[in-house]
Amino acid sequence: MLDIFKTNKSRKNKEQIVLDKENIPKHIAIIMDGNGRWAKQRNLPRTMGHKAGVETIRKVIKESNKLGIKYLTLYAFSTENWKRPNDEVSALMKLLVEYLKNELEELNKNQVVINILGDIDKLPSDAQREIKKAIVTTKDNIGISLNIAFNYGGRDEILRAVNLVLEEVKKGNINEDSISEDIFEKYLYTYNIPDPDLIIRPSGEQRISNFLLWQCAYSEFWYSNVCWPDFKEEHLHKAIYDYQHRDRRYGGV
C-alpha cells in the first residue's frame, strides 16, 4: 500500500488516503480544463491561465512517475481550439514551444518518453521542429510515456484511421472482410498505447469534448470543480483512490 496524505484547508488535520500500489492505473488521461476560468477569476488575461497550467503539468508528471503510472495523456489543444481568438491560439503555440525547450532536458533525464497525438503538420514550423526533437531525444527512454494531445480530435482521429485503412485496402495490403478492431487500432494515434483506465477532467465540466472517443469505451471518469492551475497532487491521489474503489466489469457481470 502507498500511504498518501491529503491536507485539509486548515492544514491542521490530515485525512489519510491509502492507495493500493497493485492497482495503480496503467494509463491516466487528463482534460486540462479551466485555465481561462482561473485567469478570469483573478482578472488576468486568459493566456496567464495557460501559463499557470504549465506548472501543474510539471507536478502531475512528477507525481505520476512516482506512483508508477506508465502512460499519461494530456489534452492540450483540440481541433476545435482553432476557433479561439488568434492571440490565444498564438500564445498556446508559443507555450508548447517554450515548454518543450525548457523541459526537454529534465524530462529526458527522468527517462520520460514524449509522444504527440494529433496532426502536427498544421502547426507552426517552430512547434513542429521542437516536437520532432523531443520525440527523437526521448524515444529510447524507459520511464513514463507522456502523450501530449495537440491539434487532436477524437472524430478526426477516427476518420483519419478509416481513410488510412481504405488506402491499405486499395493497395491490397488489407482484405476488407478481415478488418477487425485490432487492425483498425493500428491506424490510430494511440497505436501501442493501452486505452486509458482513468480519465480526469477538472474545472467542473462533465463532458468528453471529443477526446479519445474510440479509446474511452471502458474508461472510468473522475471530475473535479478545481480549475487545472489549482489541480494538486492530492487531487490526483483522490482520483486514483476513487478509481480503485470502482468495480470494472467491462460489460460482464
For this session: Output yes when any residue across segment 170-179 is over 18 Å from Ala76 (Cβ atoms), modelled with pLDDT under 95 and among the hydroxyl-bearing types (Ser, Thr, Tyr), and no when none is.
Result: yes
For this session: Take the residues in segment 64-82 that are farther than 16 Å from Met32 by Cα and among the charged types (D, E, K, R), then tell me which one is farthest from the chain's Cα centre (by Cα).
Result: Lys66
Problem set entry | Failed condition for Ile179, given (1) in contact with a helix residue (DSSP H, G or I) (Cβ under 9 Å, 6 or more places away or on another chain); (2) farther than 27 Å from Tyr250 by Cβ; (3) of a type in the set (A, V, I, L, M) | (2)
Problem set entry | Lone qualifier among Arg207, Arg155, Arg129 - being surrounded by fewer than 17 Cβ atoms within 10 Å (Cβ to Cβ) and either part of a loop (DSSP other than H, G, I, E, B) or modelled with pLDDT under 95 (or both) | Arg207
Exercise. Would it be correct to say that Asn175 is polar (S, T, N, Q) and loosely packed, with under 12 Cβ neighbours inside 10 Å?
Worked result: yes
Exercise. Can you tell me which of Pro202, Pro196 is touching a helix residue (DSSP H, G or I) at 6+ places or on another chain (Cβ under 8 Å) and surrounded by 13 or more Cβ atoms within 10 Å (Cβ to Cβ)?
Worked result: Pro202
Problem set entry | Pair list, Cβ < 7 Å and 6+ apart or interchain, from segment 83-112 residues that are within 22 Å of Gly36 (Cα to Cα) to residues that are of a type in the set (D, E, K, R) | Glu88/Arg46; Leu95/Lys51; Val97/Asp126; Val97/Glu130; Leu100/Glu130
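Here's the yes/no breakdown for (1) within 24 Å of Leu117 (Cα to Cα); (2) within 13 Å of the chain's Cα centre (by Cα):
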residue	(1), (2)
Pro202	yes, yes
Gln206	yes, no
Tyr218	yes, no
Val226	no, no
Glu234	no, no
Asp242	no, no
For this session: Confirm whether Thr137 is farther than 26 Å from Phe184 by Cα, surrounded by fewer than 19 Cβ atoms within 10 Å (Cβ to Cβ) and either in contact (Cβ under 8 Å) with a residue 24 or more places away in the chain or among the aliphatic types (A, V, I, L, M) (or both).
Result: yes
For this session: Report whether or not Ser224 is of a type in the set (Ser, Thr, Tyr) and surrounded by 13 or more Cβ atoms within 10 Å (Cβ to Cβ).
Result: yes
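The values are calculated or read from the model by the stated rules, or taken from the named source; none is laboratory data. Computed from a predicted structure; not experimentally measured. Cβ coordinates were reconstructed from backbone atoms using ideal geometry, including for glycine residues, and neighbour counts include every protein chain displayed.
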